[in-house]
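Engineer: Sharing a structure below in structure tokens format, with a few things to ask.
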Amino acid sequence: MNRRLLTHLSVSLVAALLGWLSLVSWRGLVAESGRFLSPAFTGAVLVAVVGALGRWKLGRWYLVLPLQLLVLVSWLHHRLSGIDGLAGWVPTPSGISHVADVVVDGARDVNTYASPVGAEHLAAPGYLLVVSMLVVLGTDLLGCGLRRTPWAGLPVVVALTVPISVLDEGLSPILFLLIALLYVLLLASDEVERVRAWAQLPDRGRHHDSSGTVDATGTVRSAATQIGLVTALGALVLPLLVPVANGLIGHGDGPGDGRGSSDPVRLVNPLIDLHRDLVRQDHVPLLAARTQDTATDYLKLTVLDSFDGRRWKPSERDLPAANRADGELPRPQGLGVGATGRAADWDLNLLPDFRTSWLPAPTPLTKLETDDGDWRFDSRTMDFANVDKNTPVGIGYQLTAFHPVIDPNTLDTAPPAPATLRGPMTRLPKTVPAVVSDTADRVTSSGRTPYQKAVLLQDWFRNDGGFAYSLDPDTGSSTGALVRFITTDKVGYCEQFAAAMAIMARSLDIPSRVVVGFLSAEEQDDGSLLYTSDSLHAWPELYFSGTGWVRFEPTPGARTGAAPAWTLQQNIPTPSAAPTPSAAATDRLPTRPQQQDETPTVAADNGGSGNQLAWAIALVLLLLVSLVPGLLRHRQRTRRLHAPGMPPDAFALGLWTELLATADDLGVVLPETRSIRRVAAAIADWVGAAPADDVDDLDVLVRFVERARYGRAFEVDEDTRGRMAGIARTWSRHLGDSVARWRRWSGLVLPRSVLVRREPVPAGQDLPVGQASGTDELT
């Protein structure tokens, strides 16, 4: 086998094994770890082999990386969605969509369920396999492609943080030792290639290879193995000797076991956290309340009003200091002035095990007060977010809820929503399949108004569509999961019912969103109310002018009980029906003016000015980033050519490196493994008609570099330094004049010597012609 190919292959396999071993630390994430570790090993070998062959034939990392990605994508597509591909291997749009669904659903499973994720969650290993390939590919790119070998440890370190931060068992000491040895071996392999790239070393009794060159690689590898072994063992032993660290083995000597004594509920990503806490069914007390209100269900935490094609999430909130929750609140969006209803006071306390940046409250409110933390509201969503650096825990707050009279006739005759609200609140990505809107149209075909269509849609989920409530089925609100849910599976929990109804309502041009909060409370012996993790819930809200955001309940009654009275089909008014005021509706909504009534305040929805500013900022950032390589190269050139006080040998080698870097920037591949004189001669031949004095000066520079590289230490005066630097500048200019103008510009803007470090080749071996596509070869 070609020696250079064998070198590439060996280094690539070391990097691949290093990346794969770091993934073995993930074995505790799923019950059957072999379902992702075994194929990950195959994928690692693929990355190594394709990378080695590519670097042998193509040279440049930016030519090899697309080839590796192409092979990996085809292989992953075959494993995760082979039936959707041409001949099982060629990716198709439907196959790629299926793989994307596997990744999204697998990520949700891994983040939702406690480790190890059960074997029934088939998407989890697929997700881990895709992420594993990113780790392996990153290790190969940094260690072998870019030849930034020390950086190759970054993906490995990232992978190793998983067992340390997520899994109880931590990191295996034996696995750590193996990874450390492989990392040091990878570093040693890089140094071996550097040693081989230098000219012949003096023979002092060391082994020679077949070409007569002194072979120092065995010495380097032996020393590297010894250093790696000592370093790895030291990393294992030293933490045991330091009393303030737990290290990799055992725990500290404190009163606990090192794992914490509580399992608090955190609401950061509302839908993922919602399903996780519902599945646990551990009945964690979260919120205590006292009130004389008779309506104690449906407390809102936050509004998810943005759907990106895969999940519902909160849009950007507008939270100025003027919106601090410290008293009277503005009229809710869309609710008519002077609306009647019932008011009730509440006293609530977040319990210590509830970590949330959203404040739970009935809706709508007329007043909210708290002295604990800085809580602010967005006048569009009227949910309360904390803006402190550290969200307070265990706070108390008081509020006044207002339950407006919701009349079916008012909903049925409501005028269209304002365009500023209807636009963003009916927006759906183009990736939503047509079957969603077709199903919505079919289910609501008998409805004459948006309200009637909404009632029919809710009734289809609760009664007529054959749906069932369960926490066990496939989770998620991505388009793939949505289609399966409304067409075939028809089994889900509140997230899927709420998300599906909101998306289908938007397809009918009805403004809609999803709300996450508490469904109901448990009454305590002292009359107080307790909301637990088991009562977390999600439901849709639909907008009707004059009433505002109205709650619907598509989740079957087995979980939620009866649907809201205003959403029952028997209450749909006839054209002659008139609203009937409720006898209990004795209060009126306070008349404090609404802030920015009916107008969304999210920057993304404000029209062209916000988008233009965003594009302008993006273009400026892109311009600045594009200047970085050129600026780095300019600084590098200045440092090499103006180096007062630098030792003569380092100065000389810096000048030679600068000349080689200039050729590299211009796309000229130099035969670096030949002698310095032969490389200089090749440069002179390439430039062609250079002045005779300049050619003589190049020979002077060569002798200067040879003396620094092979001779004893010497001193150089400032005049000699200036002359040598001038020769390097002259020949850099000659090289620039010898290529096309576009190459000179490319070398200034995107200098290859900064972006890619050229790979050394063993001494005595000529560089093959045509190593790098699109470059010239000096002969």
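Engineer: Could you give the length gained by full extension between Ala434 and Thr92, i.e. 0.36 nm per residue of separation minus their alpha carbon distance, to one decimal place? Mind dumping the intermediate values first?
Structural biologist: On the way: separation 342, 0.36 × 342 = 123.12 nm, distance 1.91 nm.
Gain on extension, Ala434 to Thr92, equals 121.2 nm.
Engineer: Through the Karplus equation 6.51 cos²θ - 1.76 cosθ + 1.60, θ set to phi - 60°, convert the phi angles of the range 505-515 into ³J(HN,Hα) values in whole Hz; use x for Gly and Pro.
Structural biologist: Couplings: 5, 4, 5, 8, 6, 9, x, 8, 7, 10, 10 Hz.
Engineer: Accessible area of Cys494, 1.4 Å probe, to the nearest 10 Å²?
Structural biologist: Surface accessible to solvent at Cys494 totals approximately 0 Å².
Engineer: To the nearest 10 square angstrom, how much accessible area does Lys490 have with a 1.4 angstrom probe?
Structural biologist: Around 50 Å² of this residue is reachable by solvent.
Engineer: Please name whichever of Val739, Ala708, Ser753 sits farthest to the positive end of the charge dipole of the range 687-757, dipole taken about the Cα centre and charges placed at Cβ: Lys and Arg +1, Asp and Glu -1.
Structural biologist: Checked the options; the winner is Ser753.
Engineer: Which of Ala684, Thr657, Ala728 sits farthest toward the positive end of the charge dipole of the range 636-737, with +1 on the Cβ of Lys and Arg and -1 on the Cβ of Asp and Glu?
Structural biologist: After comparing all options, I get Thr657.
Engineer: Let me ask something else. At 7 Å along the Cα-to-beta-carbon direction for both Arg422 and Asp525, put a label point, then send me their distance in nm to one decimal.
Structural biologist: For Arg422 paired with Asp525, the spin-label model returns 5.7 nm.
Engineer: Continuing with the same structure: First measure r as the distance between the Cβ atoms of His642 and Leu5, then evaluate 1/(1 + (r/R0)^6) with R0 = 35 Å and state the FRET efficiency to the nearest 0.05.
Structural biologist: Numbers: r = 41 Å, r/R0 = 1.17.
So, using R0 = 35 Å, E works out to roughly 0.30.
Engineer: Same structure, new question: Please give the FRET efficiency for Arg733 paired with Tyr62, using the beta carbon to beta carbon distance and R0 = 30 Å, rounded to the nearest 0.05. Walk me through the intermediate numbers first.
Structural biologist: Working: r = 27 Å, r/R0 = 0.91.
Given R0 = 30 Å and the Cβ-Cβ separation, E is 0.65.
Engineer: Amide H neighbours of Ile406 under 5 Å, counting only residues 5+ apart in sequence or on other chains, H built in-plane at 1.01 Å?
Structural biologist: So Ile406 has HN proximity to no qualifying residue.
Engineer: Mind grabbing the accessible area of Glu328 for me, 1.4 Å probe, Å², rounded to tens?
Structural biologist: 100 Å²
Engineer: Taking R0 as 45 Å, what's the FRET efficiency between Leu70 and Arg290 from their Cβ-Cβ distance, rounded to 0.05? Don't skip to the answer; put the middle values down first.
Structural biologist: Details: r = 63 Å, r/R0 = 1.41.
For Leu70 and Arg290, the calculated efficiency is 0.10.
Engineer: Going by accessible area, probe 1.4 Å, with all protein chains left in place, what is the ranking of Ser12, Ser315, largest first? Provide the component values of the computation, followed by the final result.
Structural biologist: On the way: Ser12 0, Ser315 25 Å².
Largest to smallest exposure gives the sequence Ser315, Ser12.
Engineer: Over the range 369-470, what number does the Rg to Rh ratio reach, with both radii from the alpha-carbon atoms and Rh per Kirkwood? Numbers along the way, then the final one.
Structural biologist: Values: Rg = 19.7 Å, Rh = 18.1 Å.
Result for the range 369-470 is an Rg/Rh of 1.09.
Engineer: Further, regarding this structure: Given the range 383-427, report the % of alpha carbon pairs whose separation exceeds 15 Å.
Structural biologist: Values: 720 of 990 pairs.
The answer is 73 percent, as a whole percent.
Engineer: Just to make sure I understand: if all protein chains stay in place, what is the order of Ser535, Ser10 by accessible area at 1.4 Å, largest first? All intermediate terms of the calculation are to be shown ahead of the outcome.
Structural biologist: Working: Ser535 10, Ser10 55 Å².
Accessible-area ranking of Ser535, Ser10, largest first: Ser10, Ser535.
Engineer: So if I place +1 on the C-beta of Lys and Arg and -1 on the C-beta of Asp and Glu, and nothing else carries charge, what would the dipole magnitude of the range 429-501 be about its Cα centre? I want it in debye, nearest 20.
Structural biologist: The calculation lands at about 260 debye.
Engineer: Can I ask one more? Of Tyr451, Pro408, Val432, which is farthest along the charge dipole of the range 399-492 in the positive direction, counting Lys and Arg as +1 and Asp and Glu as -1 at C-beta?
Structural biologist: Comparing the listed Cα positions along the dipole, Val432 ranks first.
Engineer: Quick one: dipole size for the range 513-566, taken about the Cα centre, charges +1 on Lys/Arg Cβ and -1 on Asp/Glu Cβ, in debye to the nearest 20.
Structural biologist: Values: 3 positive and 7 negative charges, 90 e Å.
Magnitude of the dipole: close to 440 debye.
The values are calculated or read from the model by the stated rules, or taken from the named source; none is laboratory data. What you see is a predicted model; the values in this text were computed from it and never measured. Quick reminder, even Gly has a Cβ in these numbers, built from the backbone with ideal geometry, and neighbours come from all protein chains shown. Heavy atoms of the whole protein, side chains included, go into the accessibility calculation; ligands, DNA and RNA do not. Shrake-Rupley method; radii C 1.70, N 1.55, O 1.52, S 1.80 Å.
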